[in-house]
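Taking it in order: structure first as structure tokens, then the write-up.
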Amino acid sequence: MVKAIRVHELGGPEVLKWEEVEIGEPKEGEIRVKNKAIGLNFIDVHFRKGVYKAATIPFTPGMEAVGVVTSLGPGLTGMKFGDLVAYAGNPMGSYAEEQILPAEKVVPVPSTLDPVVVAAVIFKGMTTQYLVRRCFKVEPGHTILVHAAAGVVGSLLCQWAIALGATVIGTVSTKEKADQAKDDGCHLVIMYKEEDFVTRVNEITSGKRVDVVYDSVGKDTVQGSLACLKTRGYMVSFGHSSGMPESLPSALDAKSLFLTRPALMHYSLTREELLETAGELFAGVTSGVLRVRVNGTYPLC
Ligand SMILES: NC(=O)c1ccc[n+]([C@@H]2O[C@H](COP(=O)([O-])OP(=O)(O)OC[C@H]3O[C@@H](n4cnc5c(N)ncnc54)[C@H](OP(=O)(O)O)[C@@H]3O)[C@@H](O)[C@H]2O)c1
């Protein structure tokens, strides 16, 4: 038996219960991992509240962790007892002392990186990798708009896009967040509670507007985001922190816009994609191109 946080009914943080669970031993293609650090994500909240439906109830939340391999399924090669590995995404269940994982879903963690930093960044950082390098390929000369620029993904997005040569405009709610976004190198920061972000983007770009909007906010920002785009611009709607965006087709017609609702799991379909995504992320953290903020650490129980 191991201890884990379980959800028996949907709701606020009070539904998280600390319990003993039986996880069994790894089967073919699986490993058992003793977690050293577990990352928290907005998607954990979506599952806890029922915005996304968990496959079973009760369930153990959590989609990101770093841990040590403690046992391997029969015949498994390419990995050994004591290896430090990380994973992000499915399967859900990282809020636990130990878990069983498919070996093909984990990546080796460079010994130079702090496991706490890796646990804080792997889900958000791999998300950022596919957003700026593959979903829409950010290049020098692009002007991009990033909502929630001081959020965890938003901060990484700004840093990575700046390193790729883009001009980055960020939106934030408060002065403190504006300071953080500027500290990340954001070229122009809009405090959307004090000024209309569509008007400001129009002014800043002298009416040219932006090549891509990375919109994780959803319902509250979607229409404004579309208004900020150039003709044939890209609307990358990758989250819905304020609620699901409403349907969009007529707004797309007006400027031949591209719309995507991407997810990390669809950008790490193969082992090669997963290793490349994690490899670029770890290289960015190691070189200092990406500064990771660990805003808080908490005991598991
Ligand atoms: N598609 C994918 O592959 C993928 C992967 C990872 C994360 N995501 C999504 O990306 C989003 C951001 O994730 P994150 O980890 O960066 O979250 P985060 O650090 O908590 O940032 C969320 C930010 O969104 C802004 N926001 C605006 N309206 C909000 C509202 N009603 N409630 C809460 N926040 C609101 C806030 O910034 P201001 O105060 O400045 O407005 C907040 O700081 C989430 O929706 C998450 O589910 C998607």
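The values are calculated or read from the model by the stated rules, or taken from the named source; none is laboratory data. Remember, predicted model here, so these are calculated numbers, not experimental data. Note that each Cβ is placed from the backbone with ideal geometry, even for glycine, and that neighbours are counted across all protein chains shown. These accessible areas exclude ligands, DNA and RNA; they are computed on the full protein's heavy atoms, side chains included. Shrake-Rupley method; radii C 1.70, N 1.55, O 1.52, S 1.80 Å.
Points worth noting:
- From phi via Karplus (6.51, -1.76, 1.60), per-residue ³J(HN,Hα) for segment 134-147 in Hz, x at Gly/Pro: 10, 4, 10, 8, 6, 9, x, x, 6, 10, 10, 10, 10, 7
- For segment 124-264, the relative contact order comes to 20 percent (Cα pairs under 8 Å, sequence separation of at least 6).
- With coordinates expressed along the principal axes, the C-alpha atoms belonging to segment 2-109 extend over 41, 24, 22 Å, beginning with the largest.
- By average C-beta atoms within 10 angstrom, highest first, the peptides 151-157, 198-204, 14-20: 151-157, 198-204, 14-20
- Within the accessible area of segment 244-301, the carbon and sulfur atoms contribute 58%, probe 1.4 Å, all protein chains present.
- Residue ranges 226-237, 263-274 sort as 226-237, 263-274 when ordered by packing (mean number of other C-beta atoms within 10 Å per residue, highest first).
- With every protein chain in place, segment 2-109: carbon and sulfur % of accessible area (1.4 Å): 56 percent
- Amide proton proximity set for LEU229, modelled H, under 5 Å, gap of 5+: VAL210
- Averaging Cα coordinates gives a centre for segment 1-76 and one for segment 238-301; these two points are 21 Å apart.
- Largest-first ellipsoid semi-axes for segment 34-86, taking √(5λ) over the Cα gyration tensor eigenvalues, angstrom: 28, 14, 8
- Cα-derived Rg over Rh, computed across the chain with Rh taken as Kirkwood radius: 0.99
- All Cα pairs of segment 124-264, percent lying beyond 22 Å: 28 percent
- When you restrict to C-alpha pairs under 8 Å that are six or more residues apart and normalise by the size of the chain, the relative contact order lands at 14 percent.
- Whole-Hz ³J(HN,Hα) from phi, Karplus 6.51 cos²θ - 1.76 cosθ + 1.60, for segment 18-26, glycine and proline x: 8, 9, 8, 9, 9, 9, x, 9, x
- Accessible surface, segment 2-109, averaged per residue in Å² (probe 1.4 Å): 48 Å²
- Annotation: extensible slack from VAL15 through SER287 equals 93.9 nm (criterion: 0.36 nm per residue apart, minus Cα-Cα distance).
- In sequence order, calculated HN-Hα J values of segment 55-66 (Karplus, 6.51, -1.76, 1.60; Hz; x Gly/Pro): 5, 9, 10, x, 9, 9, x, x, 9, 6, 6, 10
- The chain - mean residue ellipticity at 222 nm from DSSP helices (-39,500 (n - 2.57) per run, n ≥ 4, rounded to 500): -8000 deg cm²/dmol
- Ranking ASP114, ASP253, ASP211 by solvent-accessible area of protein heavy atoms (1.4 Å probe, all protein chains present), from largest to smallest, gives ASP253, ASP114, ASP211.
- Principal-axis tilt of helix 115-130 within the chain, Cα atoms, nearest 10 degrees: 50 degrees
- Choice from PRO108, PRO74, PRO26 showing the highest fluctuation, given a GNM over the chain with Cα pairs closer than 10 Å: PRO74
- Kirkwood Rh in Å, taken over all unlike Cα pairs in segment 78-200: 16.3 Å
- Solvent-accessible surface of segment 170-301, taken per residue with a 1.4 Å probe and all protein chains present: 54 Å².
- Built amide H within the under 5 Å cut-off of SER71, gap 5+: ARG32
- Based on the Kirkwood approach, the hydrodynamic radius assigned to segment 59-98 is 11.1 Å, with every pair of different Cα atoms included.
- The mean sequence distance of close C-alpha pairs (under 8 Å, at least 6 residues apart), as a share of the length of segment 2-109, puts its relative contact order at 34 percent.
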